[in-house]
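In what follows, a structure is listed as structure tokens, so that the remarks can point back to it.
The values are calculated or read from the model by the stated rules, or taken from the named source; none is laboratory data. Since this is a predicted model, take the numbers as computed values, not measurements. Ideal geometry is used to build each Cβ from the backbone, glycine not excepted, and the neighbour counts take in all protein chains shown.
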Amino acid sequence: MTVRMRIDDYDISAAARGTKTSFELLIGTGIDSVEDGGEREGESRDIPLPVLQIAGAAEGPTLLVLAGVHGDEYEGMETILRLYRGIQPEQVAGTLVLAPVANPLSYRGGTRTSPEDGLNMARVFPGDRRGRPTERIAWQLHHRLLAQADFLLDLHSGGTHYAVSTLVGYYHNEETEIGRKSRAAAEAFGAELLWAHETVALGRTVSSALALGVPWLYTEAYGGKRIRREDAELIYHGALRLMRHLGMLSEVPEQMAASRADLSPAPARRIYGDGNFDGSETAGASGFFLPETVLGAEIRAGERIGSICGFDGTELECVVASRDGIVVMLPGAPTVRQGEPLFLIAPTRPAAPVDAEEADR
């Protein structure tokens, strides 16, 4: 049975130990209600936020797992459903809080942004309680879920528009406890590619977590509004590895893992940068993109990434790498438009520290 309540009344710590509960948390969107073709002015339509919670039999940390911040990214949603269905409270120390559709508005539209206001939820955190619908949902996620968590795992992918290397991103700062915890968790997750973020752009779930002092990871996967099985298995088993790393899951039942080897992290490559896809290289022409490299490839500045062609066979743009690094994003579909994101390359070395005297000049 699903428990339905206003999100303002939701308290993670209130659940009795050893219980498993499905919630519908009602959030006021600020959108006027419309019934039977007539507007009811002054009444805000509520939207239900699904939250699944497993309060373990033993005390321990609270892990918050989000998916569906972008409504066209389905890998994390599948992972959350598998975790909730497969894990029993007696196997858990602490509390597992799972939000499979963090932005119900964009999920309903099957889009990266919310159709109601055109906002990208991953750019508006910590939100605004009295703002536009997406900002209101982000505010509630920040204050009602993130603020009560000890660790955040946010599950993303390329969605409709991008093809993205499968990876785990984390906060790279060995001088802070949150940075050290994030790095250790990223290494335990088991991905072959780790993205070490020395800085984090504002507006993200992870920047909200950072402001609250909550260590975090996020995932990326190929996308395309379809789930590749290799991505699904990595994210699912990675979440189990993370729970074990946090001391929440001491023993994994056989039916949840094909073998014990599945829970052993693999050696990883590491890339650096802020992970901001808004800073991707853009297409210089509209046309059909013919790639000459693949996701995850190591590339040098000046090497060819591909061509944008017209249907008369002419090359409209020769696309070349602007820097050395690893290719982490390419177009999700071959039809590209001038000025839209085309590719992203992440460096394999951290940025050089800025000398204090140089910074003052």
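Counting only residues that are closer than 21 Å to residue 22 by Cβ and either assigned to a strand (DSSP E or B) or out of contact with any strand residue (DSSP E or B) (no Cβ under 6 Å at 6 or more places or on another chain) (or both), region 102-124 holds 4 of them.
Out of 349, 361, report the one residue that is over 18 Å from residue 277 (Cα atoms), within 28 Å of the chain's Cα centre (by Cα) and at pLDDT below 95. Outline the logic, then answer.
Values: 361 fails: within 28 Å of the chain's Cα centre (by Cα).
Answer to the check: 349.
Can you go through 277, 289 and tell me which one is of a type in the set (Phe, Trp, Tyr) and at pLDDT below 95?
Working: 289 fails: at pLDDT below 95.
Answer to the selection: 277.
The set of residues in region 179-201 that are modelled with pLDDT of 95 or more, hydrophobic (A, V, I, L, M, F, W, C) and buried (at least 18 other Cβ atoms within 10 Å of the Cβ) comprises 185, 186, 188, 189, 191, 193, 194, 195, 196. Taking first residues from region 309-328 that are within 17 Å of residue 343 (Cα to Cα) and partners that are of a type in the set (Lys, Arg) and outside any strand (DSSP E or B), the Cβ contacts under 6 Å between residues at least 6 apart in sequence or on separate chains come to 324/300. Residues of region 212-248 that are part of a helix (DSSP H, G or I), among the small types (Gly, Ala, Ser) and touching a Leu at 6+ places or on another chain (Cβ under 9 Å): 238, 239. Only residues that are among the small types (Gly, Ala, Ser) and not in a loop (DSSP other than H, G, I, E, B) were counted in region 268-285, giving 1. When each of 22, 33, 106 is tested for being modelled with pLDDT of 95 or more, among the small types (Gly, Ala, Ser) and touching a Lys or Arg at 6+ places or on another chain (Cβ under 9 Å), the lone residue that passes is 106. A count restricted to region 198-216 and to residues that are touching a strand residue (DSSP E or B) at 6+ places or on another chain (Cβ under 6 Å) and either more than 16 Å from residue 142 (Cα to Cα) or not aliphatic (A, V, I, L, M) (or both) stands at 3. None of 123, 82 is touching a residue at least 60 places away in the same chain (Cβ under 8 Å), surrounded by fewer than 22 Cβ atoms within 10 Å (Cβ to Cβ) and under 20 Å from residue 233 (Cα atoms) except 82. Of all residues in region 139-170, those satisfying the criterion of being part of a helix (DSSP H, G or I) and touching a residue at least 60 places away in the same chain (Cβ under 8 Å) are 140, 141, 142, 144, 145, 146, 147, 148. Within the set 69, 101, 65, the sole residue that is among the aliphatic types (A, V, I, L, M), touching a residue at least 24 places away in the same chain (Cβ under 8 Å) and surrounded by fewer than 22 Cβ atoms within 10 Å (Cβ to Cβ) turns out to be 101.
Here residue 331 meets the list (1) loosely packed, with under 15 Cβ neighbours inside 10 Å; (2) modelled with pLDDT under 95; (3) not charged (D, E, K, R) almost entirely, failing just condition (1).
Given the criteria β-branched (Val, Ile, Thr) and either surrounded by fewer than 19 Cβ atoms within 10 Å (Cβ to Cβ) or farther than 13 Å from residue 30 by Cα (or both), does residue 134 qualify?
On the way: β-branched (Val, Ile, Thr): yes; either surrounded by fewer than 19 Cβ atoms within 10 Å (Cβ to Cβ) or farther than 13 Å from residue 30 by Cα (or both): no.
Here the answer is no, as residue 134 does not meet what is asked.
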